[in-house]
Every structure is written in C-alpha cells, then in structure tokens.
Amino acid sequence: MASLKDLRNRIRSVRSTQKITSAMKMVAASRLRRAQEQALAARPYAERMERMLGSLATNLRSQPNAPKLLAGTGSEQTHLLLVATSDRGLAGGFNASILREARRTLRQLQRDGRQVKIFTIGRKGRDALRRDHAKLILENLTEIGRPRLTFANAEDVAGRLVARFEAGEFDVCTVIFNRFKSAISQIVTKQQLIPFAITEAKEQDKADLQGAIYEFEPEESEILTELLPRNLAVQIFTALLENAASEQGARMTAMDNATRNAGEMIDRLNITYNRSRQAAITKELIEIISGAEAL
Amino acid sequence: MADKVKFELVSPEKLLLSEDVAMVVVPGGEGNFGVLPGHSLLISTVRPGIIDVYADDQRSVSQRIFVSGGFAEVTPERCTVLADEAIPVGEIDRAVAKSEAKEAEGHHAGLKDQVARATSDDRSEVLAQLRAAERRLATAQAKLEALRSVAH
C-alpha cells in the first residue's frame, strides 16, 4: 500500500488539477455566451442574403451563361473539403467528431472514384489530417479569429476558395463543422458551398414569390457575380461562428465533467488516506500493548 | 401600416436597424433611389455613400448612416439593405477617416507602379490587389465626402 506521504501528494496534485479544470470551465462558459451572442447577431444577415439569392438564382440557374459559383463547372470530379476545427484541444469530442465525419466523407468520395482535396481551418484539424492525408491538403489556416472572429476573416477564407475555384482546382466544395445546438449537444454538419445549393426550405419560400418579377440595377448577372462570392463569405462566417460557439460549449461540458471526476477522486483518496492513517495508529497501539503485556 | 415601409439595415455582424419609416434614400449602384411604401420589386447594388432615413414624414431626415457598399432588396412593404459596413455619420471620426484615405491613396499609387512593372505571371494577382485598393480608396473618399456634406 502506498505510504501516507504518497497519498498526501496525490491528493494535492488532483486538487490542483481540479482547480485548473474548474477555471477552464468558467472561462469557456463566459466565452460561450459571447460566441452565442455573436452567432445570433449574424443570423439576420445570412437569412436575408439567402432570401435575396433565392429570388435571383432560380431564373438564372438554367441559363447557359450562369456563373459557375451557382451552376457548377459541369463536372463533379474533384471535391474540396473545408474542415473547420479549433486551435485548442481539451474540448471533449469537438474535434474528434468533425474529423470522424471528414474521414468518412473522404473515404466515401474516394471509393466513388473522385479526387479529394482538403482545406483545413484550425490547428487540430491540420495536425490530425496531416498524419495520413498530407498530400491532399492544399492549405491550412490557424489562429483565425483571435481574439474575435470578424467578417473579414470569413471574407479572407472565401477569397482563397474562389481563387482556387477559378483556377480550376476543384469542382465541388463542402464545409464540415459543428452546428451549435446547446452547450451539451453539437451536431456535425456538412454543407455544400460551391456550387451554391438551394435547399428545400428555400424552394418553398420561392413558391410564395412566384410571379413576382424583380427589377435589377444593374444587370441581374452583374449583381449575381458580386453577390455569390459575398454569400460564400457569409456562409463561411456562419459556419465559423457556429463552430466557435460549439467549441466553447464542448469545452465547458468536458471541463465540468473533469472537475466532477476530480472531486470524486479526491473523496476516494481521502478515504484511503484516513484508513491507512488509522491502520498505522492501530498497529502502533497493538505493538505497545503487546510489549507491555510481555513484561 | 400602409404609409410606412419596414426598413432594415443589416451588416454581417448584426442587425443594425429595423423600424417602420416614411421613406429611405439609398445610394444605389446606378444612382440614389428613394423608397416609399408600395415601391416596385427591386434588387440593387449599393455604392459607398449615405443612407437617409425619413422616419415620420418625407421632409425631414431623422437619421443618416454611412454604408461602404452592399446590396438592397426592395418590395412594396419593406426595404432591406445588406451593408458591408455601416456607421452613423455622426460617429465617423474625421481624423481617422482622413488618415485612412491618405493611406489608401498611397497604397493605391504604389500598386499602380507595381502593375506597370509586373511580369505576366503575377500580373493578375497584382491587378486583383489594385482593384481591392481602388475599392478601399473609394470607400475612404466617400466617407470624407459624407463628413463634408454633413458639415454644410
């Protein structure tokens, strides 16, 4: 059995770990609130942008000279996966769940005979994917949005994507990130960015507007060529914000568990410590008494 | 409300303004346009300039907001402006705006030189940078212009 001194040291070390995890939990909780507010504040813009694009896109998609960002390149050979992870660890399953989904998608695409390229955001994603897919990685961005994520960050990413898209480096781009549901639950989400996908819900919206003909200033196609890259940036911005909130949520939950576990461990160690102390005292007493009796 | 338009000003980071107003004048890509209730459907680009909000009637401006560009969507009931960046005119710092304009100007001139010297390989990249600089310069100048018009 461990000596009393060893036990005391052990208890002290677990106690200081607990202090660290509970501090991290507090920090994550306050960052989470900020991240959530930011994500919420950004929602109106994204919604209205979507509505506007919805009314623009339908009549243009079928036209032969529709912009490639909307209609696609006509091929689906090369896929680009935009994997958004965090820079810091200790966030529970946050990064692992994104990476699992990324790897699954990658394997599936490769099985279908497609070419896959990877663009990572965040140090964790880069480090993990570099191990077995180093050749596929086109670009890494780390320490993005510190101390605060701004729209310029998203525009930067979008600019890089568009440049590569126009250089013909890929046909389809999908982003993988964690959608924030609550502090304890984040949902891994895959969303197609290029070509721009109009979802079912948006189709519904348009039904209401049918017959409504918009006037365009300047030309429809001109607006679209400006609007599409901007929409890409907006979608990336939303994804990054959701990701930031998810990261803090996951970290908060993970650190809460760690704090609780450390507490349990301290209790257990305390019991062992008290028992062995008691045992040592009893042993000494027996020795004294039996010594006295022998006289 | 039949005699009001729902005006919304949104930037990527937040919803800045959402209220019922009598009229708004938006600096469109091809000239300013005023939006009254019942305006026909319109989608337009927005150039750097000032949005004038007329809250109660069509004679007095209640709010002036500088936008650095974006898009506007107009329907008979509402007018939505998706701005890249928006600041109330009163909150623009003259000194900051001036130094921004100066910097943009210098940057722009430097890039022009670079374009002249650029080889065909990196030409497109430099040209893209030049376009970005031009946009920044236009925004900065529009900001100063906005300040000047308020001063009068």
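The values are calculated or read from the model by the stated rules, or taken from the named source; none is laboratory data. Note that this is a predicted model, so its numbers are computed, not measured. Heads up, the Cβs are rebuilt from the backbone with ideal geometry, glycines too, and the neighbour counts pull from every protein chain shown. What goes into the accessible areas is simple: the full protein's heavy atoms, side chains included, and nothing from ligands, DNA or RNA. Shrake-Rupley method; radii C 1.70, N 1.55, O 1.52, S 1.80 Å.
Here are the numbers for this structure:
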quantity	calculated
The one condition in (1) buried (at least 21 other Cβ atoms within 10 Å of the Cβ); (2) away from chain B (no Cβ under 14 Å) that A:ALA244 fails to fulfil	(2)
Check on A:LEU53, open to solvent by less than 20 Å² (accessible area, probe 1.4 Å) and at pLDDT below 90	yes
Among (1) within 36 Å of the chain's Cα centre (by Cα); (2) more than 18 Å from A:GLY93 (Cβ to Cβ); (3) at pLDDT below 90; (4) open to solvent by 80 Å² or more (accessible area, probe 1.4 Å) - the single one A:ILE184 does not satisfy	(2)
Filter pass, A:GLN115 being polar (S, T, N, Q) and open to solvent by 80 Å² or more (accessible area, probe 1.4 Å)	yes
Selection within the range A:18-50 - surrounded by fewer than 16 Cβ atoms within 10 Å (Cβ to Cβ) and over 30 Å from B:LEU42 (Cα atoms)	A:LYS19, A:ILE20, A:ALA23, A:MET26, A:VAL27, A:SER30, A:ARG33, A:ARG34, A:GLU37
Search result, residues across the range A:1-36 that are closer than 30 Å to A:LEU240 by Cα and of a type in the set (S, T, N, Q)	A:THR21, A:SER22, A:SER30, A:GLN36
Hey, A:LYS124 away from every other protein chain (no Cβ under 14 Å), in contact (Cβ under 8 Å) with a residue 24 or more places away in the chain and over 18 Å from the mean Cα position of the chain (by Cα) or not	no
Listing of strands (runs of 3 or more DSSP E) fully contained in the range B:1-71 that carry 1 or more residues being open to solvent by 20 Å² or more (accessible area, probe 1.4 Å) and either of a type outside the set (A, V, I, L, M, F, W, C) or under 26 Å from A:ILE223 (Cα atoms) (or both)	B:5-10, B:15-21, B:23-28, B:31-35, B:49-54, B:63-67
Exclusive hit being modelled with pLDDT of 90 or more, within 10 Å of the chain's Cα centre (by Cα) and surrounded by fewer than 24 Cβ atoms within 10 Å (Cβ to Cβ), set A:ALA250, A:ALA239	A:ALA239
Identity of the residue in the range B:1-54, acidic (Asp, Glu) and at the interface with another protein chain (Cβ under 7 Å from one of its Cβ atoms), that ends up nearest to A:ARG43 (Cα to Cα)	B:GLU13
Hits in the range A:61-93 (condition: open to solvent by less than 10 Å² (accessible area, probe 1.4 Å) and either at pLDDT below 85 or within 11 Å of another protein chain (Cβ to nearest Cβ) (or both))	A:LEU70
Residue in the range A:147-167 that is open to solvent by 10 Å² or more (accessible area, probe 1.4 Å), in contact with a Ser or Thr (Cβ under 9 Å, 6 or more places away or on another chain), outside any helix (DSSP H, G or I) and not small (Gly, Ala, Ser) present	no
Pairs with Cβ under 7 Å, 6+ apart, first in the range B:126-146 and in a helix (DSSP H, G or I), second among the basic types (Lys, Arg)	B:LEU130/B:LYS112; B:LEU144/B:LYS98
Residue within the range A:257-269 that is open to solvent by less than 40 Å² (accessible area, probe 1.4 Å), assigned to a helix (DSSP H, G or I) and not aliphatic (A, V, I, L, M) present	yes
Which listed residue is over 23 Å from A:SER55 (Cα atoms) and not assigned by TED's automatic domain parsing to the domain that holds B:GLU134, from B:GLY49, B:GLY34, B:GLY38	B:GLY49
The lone exception for B:VAL115 - which of (1) in contact with a Lys or Arg (Cβ under 9 Å, 6 or more places away or on another chain); (2) away from chain A (no Cβ under 14 Å); (3) closer than 25 Å to B:SER149 by Cβ it fails	(3)
Unique residue being modelled with pLDDT under 85 and surrounded by 15 or more Cβ atoms within 10 Å (Cβ to Cβ) when the list is A:PRO229, A:PRO218, A:PRO195	A:PRO195
